[in-house]
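Okay, structure first, notes after.
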Ligand code: GLN
């Protein structure tokens, strides 16, 4: 989260850490960071954020989800932890930890629609988008064709972490949706 905040501040944003449902009214866009999607889901439930988040996303709040954040935006999670559901936003099917244990972290350069030049992307126990349904634009793929970035209306989901390398260009795509 700190890395996202730093990137957003460098782009001129005022950053608020959203912990309560009413804070969703104050913001113009939301980043759901990486981490562990099962933990983020449980915390959202405990803090009473589940329904408010779903409603805000449905009502058009621009959102960027990275890695675990993207998992939680997907309409279908293939191997969810028990009780884990998404926040909605992306008509996608996602597979968690898609790169297995041995090869679970790597870096590569990607072409991302809407971004000039290559994006250096860190994949950390990353998910893959197995399928993208109606209304979903694929914005990034690995060389082998697997989908690692999508956009649907005002929701962007990416499997990787541009904030780790201080790259704000995908955050700029989010700001452009405001
Ligand atoms: N593997 C994690 C999950 O399932 C995601 C990892 C990440 O966000 N870097 O939630």
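Assorted remarks:
- Positions within segment 115-139 being closer than 23 Å to residue 91 by Cβ and more than 16 Å from the ligand (Cβ to nearest atom), in sequence order: 115, 131, 132, 133, 134, 135, 136, 137, 138, 139
- Unmet criterion (only one of (1) in a helix (DSSP H, G or I); (2) surrounded by 13 or more Cβ atoms within 10 Å (Cβ to Cβ)) for residue 51: (2)
- Picking from residues in segment 148-178 that are within 16 Å of the ligand (Cβ to nearest atom) and free of Cβ contacts under 8 Å to residues at least 40 places away in the same chain, the one that is surrounded by the fewest Cβ atoms within 10 Å (Cβ to Cβ) is 148.
- Some residue of segment 92-103 being touching a helix residue (DSSP H, G or I) at 6+ places or on another chain (Cβ under 9 Å), surrounded by 13 or more Cβ atoms within 10 Å (Cβ to Cβ), assigned to a loop (DSSP other than H, G, I, E, B) and at pLDDT below 95: yes
- Output for segment 115-128, where each listed residue is touching a strand residue (DSSP E or B) at 6+ places or on another chain (Cβ under 7 Å), surrounded by 15 or more Cβ atoms within 10 Å (Cβ to Cβ) and within 20 Å of residue 169 (Cβ to Cβ): 119, 120, 121, 122, 123, 124
- The residue of segment 9-48 that is nearest to the ligand (Cβ to nearest atom), among those that are in a loop (DSSP other than H, G, I, E, B) and in contact with a strand residue (DSSP E or B) (Cβ under 8 Å, 6 or more places away or on another chain), is 34.
- Scanning segment 71-88 turns up one or more residues that are assigned to a strand (DSSP E or B), touching a residue at least 12 places away in the same chain (Cβ under 8 Å) and touching a helix residue (DSSP H, G or I) at 6+ places or on another chain (Cβ under 8 Å).
- One residue stands out among those in segment 49-70 that are farther than 17 Å from residue 140 by Cβ and in contact (Cβ under 8 Å) with a residue 60 or more places away in the chain: the one that is farthest from the ligand (Cβ to nearest atom), which is 60.
- Selected residue (criterion: nearest to the ligand (Cβ to nearest atom)) from residues of segment 104-114 that are surrounded by fewer than 19 Cβ atoms within 10 Å (Cβ to Cβ) and either at pLDDT 95 or above or assigned to a strand (DSSP E or B) (or both): 105
- Contact map, segment 12-38: residues that are on the phi > 0 side of the Ramachandran plot paired with residues that are within 16 Å of the ligand (Cβ to nearest atom) and not in a strand (DSSP E or B), Cβ distance under 9 Å, separation 6+ or inter-chain. Pairs shown: 35/1; 35/67; 35/68; 35/69.
The values are calculated or read from the model by the stated rules, or taken from the named source; none is laboratory data. None of the values given here were measured: they were computed from a predicted structure. Cβ: placed from backbone, ideal geometry, glycine included. Neighbour counts: every protein chain shown.
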